[in-house]
Amino acid sequence: MKLVIDEKRCKGCNLCTMVCPYKIYKPGKKPNERGIVVPELDRPERCPNCRLQALYGRTLCGMCQMICPDQAISWVEEKPGEKKKVAIEF
Amino acid sequence: MTFSDWLRADRLPHIFCAGCGNGTVINCTLNAVDQAGLEKEETVFVSGIGCSSRAPGYIVTDSLHTTHGRALAFATGIKMANPALSVVVFTGDGDLAAIGGNHFIHACRRNIDLTVVCMNNMIYGMTGGQGSPTTPRMALSTTTPYGSAEPAFDLCELAIAAGANYVSRWTSYHVKELTRAILAGLRTPGLSFIEAMVQCPTNFGRRNRYRQPLDQVEYFKTHGMLVEKVRRLQEEGQEIPPETIVLGELARRNRPAMGVKT
Ligand SMILES: Cc1ncc(C[n+]2csc(CCOP(=O)(O)OP(=O)(O)O)c2C)c(N)n1
Ligand code: SF4
Ligand code: SF4
Ligand code: SF4
Ligand SMILES: [Mg+2]
């Protein structure tokens, strides 16, 4: 699975940048077409949910998703044929 | 199921300002409701008026968005008419403790089987930032331009004194703990009161040295202290640092309750 921020919901508050133990969220640099500066993802495949969510049948950690006041963070299945990135960080 | 299955996706994004803590409390509450295994058809969300009180409008279950201060009165009616329902109340500090103050203490006294989640942003957010009964001393608001001269209510102490069976306090930073507290509240018969301290960047933070939403959440993180530690320091005669927010489970007991599922 891959980690995504829903640009239609995100309001650019940067609360996600505060809680991720891997520091995957970085404050964004330029506004999107809605004028919102959405955070950038630094190697999001390091989030354990990308590899293990389906295996465990539940969300691991999940701090970013819970604190995101705009329900903008989720993990989605890759499209068929889409390249999967895998990273393991200790 | 996950918490997002309880959201009305067609209504999102919600109207809350960027970085408003209310959205986080919605996530935690829905996560707790989901973990408690409640059915959507048997769960009702009730609220009064305020930014915080808009929360039920984003949830798929039946809900009542009532008049200012009266959420607990309506919730009492629902619960006494049909105790089989699980009733969760969303309220704000103004809604609960100013105009709705009497409903609050009497719902606690009756110990009605409700789960009450108060999003305490220490301000009237919706109407432009007037001081509320929980605005801290010296805090700036549109009605206290030189700093509030009044002492603030401690909502948890109030709920304990009035008789609620379960009382705890967390903040929008402590998402896991807040979820667990709401879950414990859902499982405790009688009135469960969970106070969630939240940032209101627009009307509180901006006027009170928190320039970004992150700054007030950082304050929750650094100034929260577990109740066990607070009690230990008090026993040792040590000083509690100023502006400490007491966190954790403050009461859990078994007073006679009304409207409990049979
Ligand atoms: C009977 C009545 N009096 C006053 C108002 C105006 N009013 C609307 S919301 C509000 C205060 C809300 O404060 P709070 O409950 O803390 O909610 P917040 O917006 O901070 O989440 C007030 C005074 C009203 N709608 N109805
Ligand atoms: S779930 Fe945890 S590790 Fe994964 S992105 Fe969110 S905060 Fe980071
Ligand atoms: S917490 Fe949510 S709304 Fe805020 S910046 Fe991160 S993804 Fe966007
Ligand atoms: S005014 Fe304050 S409480 Fe209301 S939505 Fe904005 S930040 Fe949230
Ligand atoms: Mg308020």
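Among the lysines, which fall within straight-line cross-link reach of B:Lys79, defined as a Cα-Cα distance under 27 Å, with same-chain neighbours fewer than 8 residues apart omitted?
Candidates past the 8-residue exclusion: B:Lys40, B:Lys261.
B:Glu218 to B:Arg137: FRET efficiency via 1/(1 + (r/R0)^6), r the Cβ-Cβ distance, R0 30 Å, to the nearest 0.05?
With a Förster radius of 30 Å, E is 0.90.
Roll a 1.4 Å probe over the protein chains and send me the accessible area per residue for the range B:62-221 in Å².
38
Using a 7 Å offset from Cα along Cα-Cβ at B:Val260, what residues in the range B:158-176 end up with backbone N under 14 Å from the label point?
B:164-166
Taking H placed 1.01 Å from N in the peptide plane, check which residues at least 5 places from B:Leu247 or on another chain put their amide H under 5 Å from its amide H.
B:Met225, B:Leu226, B:Val227
Among DSSP bridges having both ends in the protein assembly as shown, what percentage is antiparallel? Round to the nearest 5.
30
Under a straight-distance cross-link criterion of Cα-Cα below 20 Å, which lysines are reachable from B:Lys176, leaving out those fewer than 8 residues away in the same chain?
B:Lys176 reaches A:Lys23, B:Lys221, B:Lys229.
Over the heavy atoms of A:Arg58, what accessible area does a 1.4 Å probe trace out, to the nearest 10 Å²?
The value for A:Arg58 is about 130 Å².
Indicate the gyration tensor shape class of the range A:1-74 (rounded, prolate or oblate), computed on the Cα atoms with a ≥ b ≥ c the square roots of the eigenvalues: a/c under 1.5 is rounded; otherwise a/b larger than b/c is prolate and the rest oblate.
Verdict is prolate for the range A:1-74.
May I ask you to compute the full-extension gain from B:Glu42 to B:Ala149, defined as 0.36 nm times their residue separation minus their alpha-carbon distance, rounded to one decimal in nm?
The span from B:Glu42 to B:Ala149 would gain 34.0 nm if fully extended.
Gaussian network model of chain B, Cα springs within a sub-10 Å range: biggest mean-square fluctuation belongs to which of B:Pro133, B:Pro242, B:Pro213?
B:Pro242
Tell me the carbon and sulfur percent of the accessible area for the protein assembly as shown, rounded to whole percent, probe radius 1.4 Å.
Percent of accessible area from carbon and sulfur atoms in the protein assembly as shown: 53.
Might you report the magnitude of the Cβ-based charge dipole of chain B about its Cα centre, with Lys and Arg at +1 and Asp and Glu at -1, to the nearest 20 debye?
Computed about the Cα centre, the dipole is about 160 debye.
Could you compute how much accessible surface B:His103 exposes when probed at 1.4 Å, giving the result in Å² to the nearest 10?
Surface accessible to solvent at B:His103 totals approximately 60 Å².
Using unit Cβ charges (K, R positive; D, E negative) and no other charged atoms, how large, in debye to the nearest 20, is the dipole of chain A about its Cα centre?
Roughly 120 debye, rounded to the nearest 20.
Could you pull out every residue, at least 5 positions away or on a different chain, whose amide H is within less than 5 Å of the one on B:Thr171? Hs are placed 1.01 Å off N in the peptide plane, and Pro or chain starts have none.
Amide H neighbours of B:Thr171, under 5 Å, 5+ apart: B:Met197.
With a probe of 1.4 Å, find how much accessible area the range A:2-76 has per residue, and write the answer as a whole number in Å². Mind dumping the intermediate values first?
Details: 3640 Å² over 75 residues.
Averaged over the residues of the range A:2-76, the accessible area is 49 Å².
Give me the residues in the range A:35-74 whose solvent-accessible area, probe 1.4 Å, is reduced by at least 40 Å² once all protein chains are included instead of the chain isolated.
A:Met63, A:Met66, A:Ile67, A:Pro69, A:Gln71
Kirkwood Rh and Cα-based Rg: tell me the resulting Rg over Rh for the range B:3-251, rounded to two decimals.
0.95
So what's the net charge close to B:Leu72: Lys and Arg +1, Asp and Glu -1, counting the other residues with Cβ under 15 Å from its Cβ? Show your work: numbers first, answer last.
Working: positive: B:Arg70, B:Lys79, B:Arg109, B:Arg110; negative: B:Asp93, B:Asp95, B:Asp113, B:Glu195.
Cβ neighbours under 15 Å give a net charge of 0.
Which of the lysines could a cross-linker bridge to A:Lys26, judged by Cα under 18 Å and excluding same-chain residues fewer than eight apart?
Cα-Cα hits under 18 Å: A:Lys2, A:Lys11.
Could you give me the ³J(HN,Hα) list for the range B:92-106, computed from phi with Karplus coefficients 6.51, -1.76, 1.60 and θ = phi - 60°, whole Hz, x at Gly and Pro?
x, 5, x, 4, 7, 10, 9, 5, x, x, 6, 4, 4, 5, 7
Return the distance in nm (one decimal) between the two label points of a simple spin-label model at A:Glu78 and B:Gln234, each offset 7 Å from Cα along Cα→Cβ.
Placing both labels 7 Å along Cα→Cβ, they lie 5.5 nm apart.
If you build a Gaussian network model of chain B, linking Cα atoms that sit under 10 Å apart, which residue out of B:Ala164, B:Ala73, B:Ala36 swings the most?
B:Ala36
Tell me the net charge near B:Ala159. Cut-off is 14 Å between Cβ atoms, B:Ala159 excluded, with +1 for each Lys or Arg and -1 for each Asp or Glu.
With Lys, Arg at +1 and Asp, Glu at -1, the net is +1.
Short version: ³J(HN,Hα) in whole Hz for each residue of the range B:179-189, in order, from phi by Karplus 6.51 cos²θ - 1.76 cosθ + 1.60 (θ = phi - 60°), x for Gly and Pro, what are they?
4, 4, 5, 5, 4, 4, x, 5, 8, 8, x
Tell me, rounded to the nearest percent, the portion of alpha carbon pairs in the protein assembly as shown spaced more than 31 Å apart.
Details: 20536 of 61776 pairs.
Value for the protein assembly as shown (Cα pairs over 31 Å): 33 percent.
Compute accessible area for the range B:6-43 by itself and then with all protein chains, 1.4 Å probe, and report residues whose area falls by 30 Å² or more.
B:Leu12, B:Pro13, B:His14, B:Ala18, B:Gly19, B:Thr24, B:Asn27
According to the square roots a ≥ b ≥ c of the eigenvalues of the Cα gyration tensor, what is the shape class of the range B:154-262, taking rounded for a/c under 1.5, prolate for a/b larger than b/c otherwise, and oblate for the remainder?
Cα axes put the range B:154-262 in the oblate bin.
Output wanted: per-residue J couplings in Hz (rounded whole) for the range B:17-29, from phi through Karplus 6.51 cos²θ - 1.76 cosθ + 1.60, θ = phi - 60°, x for Gly and Pro.
Using θ = phi - 60°, the values come out as 5, 4, x, 5, x, 4, x, 5, 5, 4, 4, 5, 5 Hz.
Could you please put B:Tyr146, B:Tyr219 in sequence from largest to smallest accessible area, using a 1.4 Å probe? Numbers along the way, then the final one.
On the way: B:Tyr146 200, B:Tyr219 35 Å².
Solvent-accessible surface, decreasing: B:Tyr146, B:Tyr219.
Leaving out ligands, DNA and RNA, calculate the buried accessible area for the pair B and A with a 1.4 Å probe, summed over both sides, in Å² to the nearest 100.
Chain pair B/A: roughly 1900 Å² of buried accessible area.
The values are calculated or read from the model by the stated rules, or taken from the named source; none is laboratory data. As the structure is a prediction and not an experimental result, all values here were calculated from the model. All Cβ positions, glycine included, derive from the backbone under ideal geometry; neighbour counts span all protein chains shown. SASA here: full protein model, heavy atoms, side chains in, ligands and nucleic acids out. Shrake-Rupley method; radii C 1.70, N 1.55, O 1.52, S 1.80 Å.
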